[in-house]
Amino acid sequence: MAFEGVRGQVSLPRLNFKHLRAFYSVARNRSFTLAAEELSVSQPTISLQVRELEKDHRVTLFTRTQKPIELTDEGRIVFSYADRIFSLAREMERAVEDLCTMHSGTLRLGSGPLYAKYVMPSVIDFIQKRNPDINIQLQTGPPKDILQKVLRLECHVGILGRLPYPGNIIYKNIIKQKLFFVTTDSEIREKVRLVDLSNYPIILQQKGSAIRETIIDAFKERNLSLNVHIESHSHEAIKNMVTNAMGGAFFPLYGIEEDLKEDKFRKIVIEDDLYLYVDVIFVKERRKSRTVRSVISAISNYYL
């Protein structure tokens with residue numbers, strides 16, 4: 001894969017990125033035919049580009065005797081690097097996209113489902129009134145999924161309940177929302193402490209939820225046992241189970257106001273300091289982005 005150059009130095013063949021792209025497409029699709037369709041070239045062209053890559057670097061990348069084709073050990077190594085290279089290329093394209101102003105571009109927001117349903121419509125309306133030409137795309141999902149979208153630059157900004165963030169995330173708290181306990185149990189007092197709910201059957205959000213992280217941490221800090229009776233990713237399902245007297249659950253006020261008006265369950269005040277911190281987050285690479293700075297300003301002004 002290397003040869004002796006001038007003055008005894010080892011010289012490596014120059015990497016042909018068109019050939020690498022061909023290999024990467026074949027490896028992902030496990031087919032020369034599908035790769036040719038993806039890259040809009042003929043199959044002989046794809047085959048030739050892969051062979052040239054193998055020839056230049058003196059490796060065999062595929063075992064062509066099997067159907068579908070398989071990567072060799074060398075091929076798996078090259079694929080791992082190619083995947084990182086083209087992932088970075090996609091990130092670069094999104095970062096360059098941010099150089100356009102927010103007023104003529106697209107803003108991709110990410111939010112957890114509860115916040116997206118009850119709060120984001122008003123936030124988006126506020127942002128659009130300040131920036132009438134902007135195209136806003138709202139992506140929803142579990143907070144941990146939204147965090148990954150922000151890290152992959154698929155969302156400019158995420159708005160979600162606080163989670164443990166990696167070091168390249170910048171976050172700003174915009175809401176400190178008190179959590180309440182809801183139940184149909186008439187024997188529960190109107191005000192309780194968390195110790196009073198130790199061993200009580202709790203219906204808890206599944207992994208990836210900021211509310212779940214908050215509740216688990218609060219019980220751990222107080223050395224209290226937490227009886228997780230049922231888990232669900234659906235906030236509506238959790239509220240329905242509470243209504244059917246299957247246990248109690250924790251929610252911020254904005255997530256239960258409509259249900260309280262319909263007397264579906266009782267709202268119990270937690271006397272301990274139990275808050276859900278809602279943050280606006282973005283990656284450090286976007287801290288100079290005019291798009292991000294504009295939306296942070298708009299969201300901050302909304303909550304003033």
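The values are calculated or read from the model by the stated rules, or taken from the named source; none is laboratory data. Because the structure is a prediction, the values reported are computed rather than measured. Please note: Cβ atoms are built from the backbone with ideal geometry, for glycine as well, and neighbour counts cover all protein chains shown. Please note that ligands, DNA and RNA were not included when accessible areas were found on the heavy atoms of the full protein model with its side chains. Shrake-Rupley method; radii C 1.70, N 1.55, O 1.52, S 1.80 Å.
Enumerate the strands (runs of 3 or more DSSP E) found wholly within segment 230-287, keeping only those where 1 or more residues are open to solvent by less than 10 Å² (accessible area, probe 1.4 Å), of a type outside the set (S, T, N, Q) and at pLDDT 95 or above. Full working, then the answer.
Numbers: elements: 249-252, 266-270, 275-283.
In segment 230-287, the matching strands (runs of 3 or more DSSP E) lie at 249-252, 266-270.
Any chance segment 197-208 includes a residue that's free of Cβ contacts under 8 Å to residues at least 12 places away in the same chain and out of contact with any helix residue (DSSP H, G or I) (no Cβ under 6 Å at 6 or more places or on another chain)?
no
Please list, ordered by first then second residue, the pairs with beta carbon atoms under 6 Å, 6 or more apart or interchain, first in segment 148-171 and farther than 25 Å from residue 275 by Cα, second of a type in the set (Asp, Glu) and surrounded by fewer than 18 Cβ atoms within 10 Å (Cβ to Cβ).
153/91
Assess whether residue 294 counts as being touching a residue at least 40 places away in the same chain (Cβ under 8 Å), farther than 13 Å from residue 179 by Cα, open to solvent by 20 Å² or more (accessible area, probe 1.4 Å) and within 22 Å of the chain's Cα centre (by Cα).
Criteria met by residue 294.
Suppose we filter 95, 116 for residues that are modelled with pLDDT of 85 or more and more than 30 Å from residue 60 (Cβ to Cβ); which single one remains? If you could, list the steps in order and put the result at the bottom.
On the way: 95 fails: modelled with pLDDT of 85 or more.
Result: 116 is the single residue among 95, 116 that is modelled with pLDDT of 85 or more and more than 30 Å from residue 60 (Cβ to Cβ).
Starting from segment 64-78, keep only residues that are of a type in the set (A, V, I, L, M), then list their pairs with residues that are in a strand (DSSP E or B) whose Cβ atoms are within a distance under 6 Å, requiring at least 6 positions of separation or different chains.
69/62
For segment 123-137, what are the residues that are within 27 Å of residue 164 (Cα to Cα) and open to solvent by 60 Å² or more (accessible area, probe 1.4 Å)?
137
So residue 229 fits all but one of (1) closer than 30 Å to residue 291 by Cα; (2) in contact with a Gly (Cβ under 7 Å, 6 or more places away or on another chain); what number is the exception?
(1)
Test each condition in (1) in a helix (DSSP H, G or I); (2) over 26 Å from residue 173 (Cβ atoms) for residue 225 and report the one that comes out false.
(1)
Which one is least open to solvent (accessible area, probe 1.4 Å), of the residues in segment 138-171 that are in contact with a Lys or Arg (Cβ under 6 Å, 6 or more places away or on another chain) and more than 21 Å from residue 300 (Cβ to Cβ)?
Restricting to residues being in contact with a Lys or Arg (Cβ under 6 Å, 6 or more places away or on another chain) and more than 21 Å from residue 300 (Cβ to Cβ), the top hit is 153.
Let's see how each residue does on (1) among the small types (Gly, Ala, Ser); (2) more than 30 Å from residue 89 (Cα to Cα); (3) touching a Leu at 6+ places or on another chain (Cβ under 8 Å):
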position: 149; (1), (2), (3): no, no, no
position: 179; (1), (2), (3): no, yes, yes
position: 203; (1), (2), (3): no, yes, no
position: 214; (1), (2), (3): no, yes, yes
position: 223; (1), (2), (3): no, yes, no
position: 246; (1), (2), (3): no, yes, no
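Counting only residues that are part of a helix (DSSP H, G or I) and of a type outside the set (A, V, I, L, M), which one in segment 98-110 is modelled with the highest pLDDT?
Applying the filter and picking the extreme gives 104.
Give me the pairs, please: first residue somewhere in segment 22-51 and among the aliphatic types (A, V, I, L, M), second residue anywhere and assigned to a helix (DSSP H, G or I) and surrounded by fewer than 16 Cβ atoms within 10 Å (Cβ to Cβ), beta-carbon distance under 6 Å, and either six or more positions apart or on two chains.
36/43
Select from segment 50-80 the residues that are open to solvent by 30 Å² or more (accessible area, probe 1.4 Å) and in a helix (DSSP H, G or I) and list them in ascending order.
51, 52, 55, 56, 73, 74, 76, 77, 78, 79, 80, listed by residue number.
So which of 47, 42, 31 ends up being under 33 Å from the mean Cα position of the chain (by Cα) and modelled with pLDDT under 95?
Answer to the selection: 31.
Tell me which of these residue 6 doesn't satisfy, since it passes every other one: (1) farther than 28 Å from residue 152 by Cα; (2) modelled with pLDDT under 90; (3) touching a helix residue (DSSP H, G or I) at 6+ places or on another chain (Cβ under 9 Å).
With respect to (1) farther than 28 Å from residue 152 by Cα; (2) modelled with pLDDT under 90; (3) touching a helix residue (DSSP H, G or I) at 6+ places or on another chain (Cβ under 9 Å), residue 6 is out only on (3).
If you go through segment 172-225 one residue at a time, how many are open to solvent by 70 Å² or more (accessible area, probe 1.4 Å) and in contact with a Pro (Cβ under 9 Å, 6 or more places away or on another chain)?
Looking only at that region, the number is 2.
Taking the condition of being within 19 Å of residue 229 (Cβ to Cβ) and under 30 Å from the mean Cα position of the chain (by Cα), how many residues in segment 248-269 meet it?
Quick first cut of segment 248-269, residues within 19 Å of residue 229 (Cβ to Cβ) only: 248-251, 256, 264-266, 268.
Checking which are under 30 Å from the mean Cα position of the chain (by Cα) leaves us with 248-251, 256.
Summing the residues that are within 19 Å of residue 229 (Cβ to Cβ) and under 30 Å from the mean Cα position of the chain (by Cα) in segment 248-269 gives 5.
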